[in-house]
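> Provided herewith is a single structure, encoded as structure tokens, for subsequent inquiry.
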Amino acid sequence: MAKEILDISIVIGKNEKFIIPCLRSIFKETVTPFNIYVICNWKEDKIIRKIQKEFPDITLLINSEPKGFAENHNNVIKSSHSKYISILNDDTVILSRAIDKLIRYMEENPRVGVISPKLVNPDLSLQHSTYSFPSLFKDSLNIFGLRKLVPFNKLTYSFANLLLGEYKSRFWRHNQIAEVDTLRGACVLVRRETIEEVGLMDEVTLAYGEETEWHCRMKKKGWKIVFNPEVEVIHYGRQSSKSLGSAIELEQIKGLLNFYNKHKKFMEFALLRGAIFAVFNIKLFLSFIAHNQEKIKYYKQITKMALTPYQEIYHR
């Protein structure tokens, strides 16, 4: 048997209907020898038995309590030994030898640290999946709720390329191989040599932001982050985030604060925290008026976090 050069790490989300089709697609569409690690973030006997019956060679890791995206995948990386690690969402379907093609590209381009395919919806329409690194302007728009209003059209494509740099945002046609800042983490292939140089993902959130900070560390060390639209993978999307419920904003802000603390100047970090404090204080006030106790508790957490010294938030 050929020696595996690929380890695939998958965390099962709460919507367990996706994992079996995902695994079937890997076995059907991948020639490269591989190991698969499936992490069950909570014990669900029915799906565990189903996986064990149909895929007896898969390594199942069962958590006694839920862990975050970074912690789960870091645990696989630490226990695996292959040249490449594929971090894969369970709500994906591999198409047309996608993983083999990504490995071939990495073999031909030794300074590529991370590569991702084009993510498509179940109807094969495009999912925009490349992003620029955080910036105070862009993140302020997001915090104030304005970023979601920006449409995808020729004008925003041109403006984003001028402001952020070509291929460094969501706003382009995703129609050619390009070096980007960061990628959506639904399906990425990572070189072990890169991980050994920059370290593992930061374990500061349940989800959101850890790949972006990781990619920034990689780029600072001279590794390339590449998007390859010649390879396609179906991604159903939003399945993992459903398990977070209303905590999504909190986790996003944690990831953002971690990035700014590590990679931005002190003044930018301070201004970001000020913007978070101001916006969520307004939301807190409106929640008091509406007598929404759940939101009051939630927004109190965020406003407190905006003022708490960084070390007290993240050092566990």
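> Specify which of the listed residues (197, 230, 193) is among the acidic types (Asp, Glu), in contact with a Pro (Cβ under 9 Å, 6 or more places away or on another chain), over 18 Å from residue 133 (Cα atoms) and not in a strand (DSSP E or B).
The match here is 193.
Conditions tested, residue by residue: (1) part of a helix (DSSP H, G or I); (2) polar (S, T, N, Q); (3) touching a Leu at 6+ places or on another chain (Cβ under 9 Å); (4) modelled with pLDDT of 95 or more.
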| residue | (1), (2), (3), (4) |
| --- | --- |
| 225 | no, no, yes, yes |
| 248 | yes, no, no, no |
| 261 | yes, yes, no, no |
| 287 | yes, yes, no, no |
| 299 | yes, no, yes, no |
| 305 | yes, no, yes, no |
| 312 | yes, no, no, no |
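> A follow-up question, please. In region 11-68, what count of residues is obtained for those that are in a loop (DSSP other than H, G, I, E, B) and in contact (Cβ under 8 Å) with a residue 24 or more places away in the chain?
Qualifying residue count, region 11-68: 16.
> Okay, next question. For region 160-168, state whether one or more residues are modelled with pLDDT under 95, closer than 27 Å to residue 277 by Cβ, buried (at least 19 other Cβ atoms within 10 Å of the Cβ) and not assigned by TED's automatic domain parsing to the domain that holds residue 84. Before you say what the answer is, go through the steps one by one.
Restricting attention to region 160-168, the residues satisfying the condition of being modelled with pLDDT under 95 are 160-168.
Subset that is closer than 27 Å to residue 277 by Cβ: 163-164.
Right, trim to buried (at least 19 other Cβ atoms within 10 Å of the Cβ) and you get 164.
From what's left, not assigned by TED's automatic domain parsing to the domain that holds residue 84: 164.
Within region 160-168, one or more residues are modelled with pLDDT under 95, closer than 27 Å to residue 277 by Cβ, buried (at least 19 other Cβ atoms within 10 Å of the Cβ) and not assigned by TED's automatic domain parsing to the domain that holds residue 84.
> Something else about it: For region 248-274, give me each residue that is in contact with a helix residue (DSSP H, G or I) (Cβ under 7 Å, 6 or more places away or on another chain), hydrophobic (A, V, I, L, M, F, W, C) and surrounded by fewer than 17 Cβ atoms within 10 Å (Cβ to Cβ).
If the condition is that a residue be in contact with a helix residue (DSSP H, G or I) (Cβ under 7 Å, 6 or more places away or on another chain), hydrophobic (A, V, I, L, M, F, W, C) and surrounded by fewer than 17 Cβ atoms within 10 Å (Cβ to Cβ), then 248, 271 are the ones that fit.
> Could you list all residues from region 210-223 that are out of contact with any Lys or Arg (no Cβ under 7 Å at 6 or more places or on another chain) and either assigned to a helix (DSSP H, G or I) or within 18 Å of residue 89 (Cα to Cα) (or both)?
Across region 210-223, the qualifying residues are 210, 211, 212, 214, 215, 216, 217, 218, 219, 220.
> Could I ask something else about it? So, residue 87, is that one crowded, with 16+ Cβ neighbours inside 10 Å, modelled with pLDDT of 90 or more, at negative phi and touching a His at 6+ places or on another chain (Cβ under 9 Å) or not?
On the way: crowded, with 16+ Cβ neighbours inside 10 Å: yes; modelled with pLDDT of 90 or more: yes; at negative phi: yes; touching a His at 6+ places or on another chain (Cβ under 9 Å): yes.
In short, yes.
> Residues that are in contact with a strand residue (DSSP E or B) (Cβ under 8 Å, 6 or more places away or on another chain), at least 2 per element: which helices (runs of 4 or more DSSP H) completely within region 88-166 meet that?
98-108
The values are calculated or read from the model by the stated rules, or taken from the named source; none is laboratory data. Just so you know, these numbers come straight off a predicted model, no measurement behind them. Quick reminder, even Gly has a Cβ in these numbers, built from the backbone with ideal geometry, and neighbours come from all protein chains shown.
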